[in-house]
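First the structure, in the form of structure tokens, and then the observations on it.
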Amino acid sequence: AKKRDGKNGAQLFDNAMLDRARSRAEIEANIEAGLVDNWFEAFLQPIVTLNGRGIAGFEALMRLNHPHKGMMPPAEIISVAEETAKIVRVGNVIMEKAIANLAKISRIPGMQDTYLAINFSPLQFEPALPARLAAIVGRHGIRPERIVVEITEAVLMHDNPQIRLIVTELRRFGCRIALDDFGTGYSSLSYLNRFPVDIIKIDQSFTRAINDGDDDVRQKSRMLIEGITTLSHKMNCTVIAEGIETEEECRTLHQMGLDYGQGYLFHRPQHAATLIEELTASQSAVARAS
Ligand code: C2E
Ligand code: MG
Ligand code: MG
Ligand code: MG
């Protein structure tokens, strides 16, 4: 698939470029097929309190379950969905499915106050979003206070008045706002000042760094997390550590004053039906024990 100019051999396209275009086109086709044929799923990953490890909430994580290829990695799907604006339709499916599952989970004893965090890309903050979300939570009998809207600095970086308006509207409606992947972008602190944020999610790169073999890296990362946590608490924000994989990380973060944790140490992202079975089983185990 090379196109060469006979005289000087200049290539208009190289093979890598063509492969990339082909695979993006393929991913786009999979997204479209997934929307039409219902291949999208909202996996759920529990978020636990660091003292006691009880479940405080769940994060909805998009998965495309291709009938032949199986689960496709979300990072690729999301970037193509954003480029092609299909993320709005994908996001609507995730909202609907995840909230329906939160309603099912709520019927398990002890789970009635858990929250649901949903990730949003910049394009999803269209004027129709607040009414759409209100309709879904209303239909499932979920209080809006149980919904957390996760945004990244990419959303705030747009500094787009429409995005700001929609986020403010969602918050007035009762939803809480979480700033995701905190510490990975730019000028994070200025966003805290200009945006109404209720929850700070410290990126998993920090969770890794607190046990880094290099003393200097480890000390500085710990001081940064402690500082951010103190600051967040002064601003009445809850602090969550992402990507906790070891007991040591968990212990350190708990000692440092973080509120919640999320990671493979506690629970992996799971198919909602599997999670519901597990939660139901462990509830009845508790009931039998008491
Ligand atoms: P995120 O919002 O920061 O989600 C956390 C990511 O960390 C998830 O990756 C999760 O599977 C992973 N994770 C959780 N615990 C651990 C751990 O202990 N160790 C490690 N190494 N990873 C852990 P995932 O599911 O691949 O999602 C990637 C990103 O895609 C998300 O990052 C989020 O930014 C985006 N995303 C996922 N679902 C949606 C969605 O429905 N809509 C939009 N717009 N973006 C989404
Ligand atoms: Mg997130
Ligand atoms: Mg994150
Ligand atoms: Mg992330």
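The values are calculated or read from the model by the stated rules, or taken from the named source; none is laboratory data. Being a predicted model, the structure only gives us computed values, none of them experimental. Here the Cβ positions follow ideal geometry from the backbone for every residue, glycine too, while neighbour counts run over all protein chains shown. Keep in mind that these areas ignore ligands, DNA and RNA; they rest on the heavy atoms of the full protein, side chains included. Shrake-Rupley method; radii C 1.70, N 1.55, O 1.52, S 1.80 Å.
Okay, here's what the table says:
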| read-out | value |
| --- | --- |
| Taking the chain and dividing mean pair separation by its residue count, relative contact order in percent (alpha carbons under 8 Å, at least six apart) | 17 percent |
| Test item: Cα-centred dipole of segment 212-290, Lys/Arg +1 and Asp/Glu -1 on Cβ, debye | 360 debye |
| Gyration tensor (Cα) of segment 188-282, equivalent ellipsoid semi-axes in angstrom | 26, 19, 11 |
| Against the rule of thumb 2.2 N^0.38 Å, how large the Cα Rg of segment 81-147 comes out | 1.17 |
| Dipole of the chain [Lys/Arg +1, Asp/Glu -1 at C-beta], most positive-end residue of F182, M235, A103 | A103 |
| Listed residues V155, P46, V137: farthest to the positive end of the dipole of the chain (Cβ charges) | V137 |
| Set of aspartates and glutamates near K86 by C-alpha distance (under 17 Å), chain-local residues within fewer than 8 positions excluded | E26, E28, E32, D37, E41, E76, E96, E126 |
| Residue-normalised accessible area of the chain, expressed per residue, 1.4 Å probe, Å² | 50 Å² |
| In segment 181-290, the chymotrypsin sites (Phe, Trp or Tyr not before Pro) that fall in loop regions by DSSP, at most 12 other Cβ within 10 Å | Y186, Y264 |
| Diffusion constant of the chain at 10 °C, which comes from Stokes-Einstein with the Kirkwood Cα-pair radius and 1.306 mPa s, µm²/s | 76 µm²/s |
| Point-charge dipole on Cβ atoms (K/R +1, D/E -1) for the chain, about Cα centre, debye to 20 | 680 debye |
| Within straight-line cross-link reach of K220, aspartates and glutamates at Cα separation under 17 Å, skipping those fewer than 8 residues along the same chain | D203, D212, E249 |
| Cα-Cα over 26 Å, subset of K97/K201; K104/K234; K201/K234 | K104/K234 |
